[in-house]
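Please read the structure below before turning to the comments.
The values are calculated or read from the model by the stated rules, or taken from the named source; none is laboratory data. None of these values were measured; they are calculated from a predicted model. As a convention, Cβ positions derive from the backbone with ideal geometry for all residues, glycine included, and neighbour counts pool all protein chains shown. Heavy atoms of the whole protein, side chains included, go into the accessibility calculation; ligands, DNA and RNA do not. Shrake-Rupley method; radii C 1.70, N 1.55, O 1.52, S 1.80 Å.
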Amino acid sequence: MHILEDPSGLSPRAQGLLDRTGCWHQSTQPRLPTELLRVRDRRGRLVPAPMELVIRREGFAQKFGGLRYTVRHSRAGVSGERRERTDEWSYELGTYAWADPVQGWYFDWFGPSFASPIRYLAHTDGRVGAENASGDGVFQETETSMIHRIESDAVQDEVSAWDPWPIEGGSLAIAQHLDDLREVTEASGPMHGWRMSDVVAVMEFAYVSHQVPRERHALIWSRSEEGRRQIRAAAALAARTDG
């Protein structure tokens, strides 16, 4: 069943995002069923799509295919000014599939409406990931699942109304000194996660890159003077202990 027909696996926050902005877009482009695809295995041989790829890719089409929703973002510019944008995400299947050099398979899907240097992927083990547009053949996890992907977007949309902290000045070090925040478990995983209180929100993530380990970054928001005070205190502590 499609996620818009049965969103019960989502948190109230994510359900609210889909209620407000979600729609089901019927593609006018014909799509070849996965079971009819021929794909290259790890040895480069052209083979019929394996069953695990058929199940996962067709499952994606059934549950998420055609889903579109918008996500609001707020960031601080170079001079500290507030910048806002709204992105549309499209959960349309792409046309490619690859054998993972380690285990399983992965396939592409459209992702956001803005121009991006990466290709958005879904793995047969359920993870969501990306690959550099140059195509290095390596699946890099971004979220643990499609549900995690939507939940993270819902948090991002919620905190877009808060005040973004400037990226410069060691945001990751500051974030690591913000201790009194609860993990948003449904929107968190090893490569992309959220921690929040009523006045501070932190998103930590690993860049998609060739670097190993992948470089980690953080974005921080506040929504009251108390939140700003907590961030300033964490910044001062980070400067003393890490500087």
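Can you find a residue in segment 110-125 that is surrounded by 16 or more Cβ atoms within 10 Å (Cβ to Cβ), within 16 Å of the chain's Cα centre (by Cα), of a type in the set (Lys, Arg) and at pLDDT 95 or above?
Taking every residue of segment 110-125 in turn, none turns out to be surrounded by 16 or more Cβ atoms within 10 Å (Cβ to Cβ), within 16 Å of the chain's Cα centre (by Cα), of a type in the set (Lys, Arg) and at pLDDT 95 or above.
Within segment 60-81, count every residue that is closer than 15 Å to TRP162 by Cα and touching a Ser or Thr at 6+ places or on another chain (Cβ under 9 Å).
Selection size over segment 60-81: 4.
Could you check segment 46-96 and list, in sequence order, the residues that are part of a loop (DSSP other than H, G, I, E, B), over 22 Å from the mean Cα position of the chain (by Cα) and under 23 Å from ASP125 (Cβ atoms)?
Answer for segment 46-96, where residues must be part of a loop (DSSP other than H, G, I, E, B), over 22 Å from the mean Cα position of the chain (by Cα) and under 23 Å from ASP125 (Cβ atoms): ALA49, PRO50.
Filter segment 211-220 down to the residues that are of a type outside the set (Asp, Glu) and within 18 Å of the chain's Cα centre (by Cα) and list them by number.
Matches in segment 211-220: ARG214, ARG216, HIS217, ALA218, LEU219, ILE220.
Kindly check whether there is at least one residue in segment 226-241 that is in a loop (DSSP other than H, G, I, E, B), open to solvent by 10 Å² or more (accessible area, probe 1.4 Å) and on the phi < 0 side of the Ramachandran plot.
Looking through segment 226-241, none of the residues is in a loop (DSSP other than H, G, I, E, B), open to solvent by 10 Å² or more (accessible area, probe 1.4 Å) and on the phi < 0 side of the Ramachandran plot.
Looking only at residues in segment 190-225 that are touching a residue at least 60 places away in the same chain (Cβ under 8 Å) and more than 15 Å from GLN176 (Cα to Cα), which one is surrounded by the most Cβ atoms within 10 Å (Cβ to Cβ)?
VAL208
Does GLU186 satisfy being under 22 Å from TYR91 (Cβ atoms), of a type outside the set (Phe, Trp, Tyr) and either open to solvent by less than 40 Å² (accessible area, probe 1.4 Å) or assigned to a loop (DSSP other than H, G, I, E, B) (or both)?
Spelling it out, it is not the case that GLU186 is under 22 Å from TYR91 (Cβ atoms), of a type outside the set (Phe, Trp, Tyr) and either open to solvent by less than 40 Å² (accessible area, probe 1.4 Å) or assigned to a loop (DSSP other than H, G, I, E, B) (or both).
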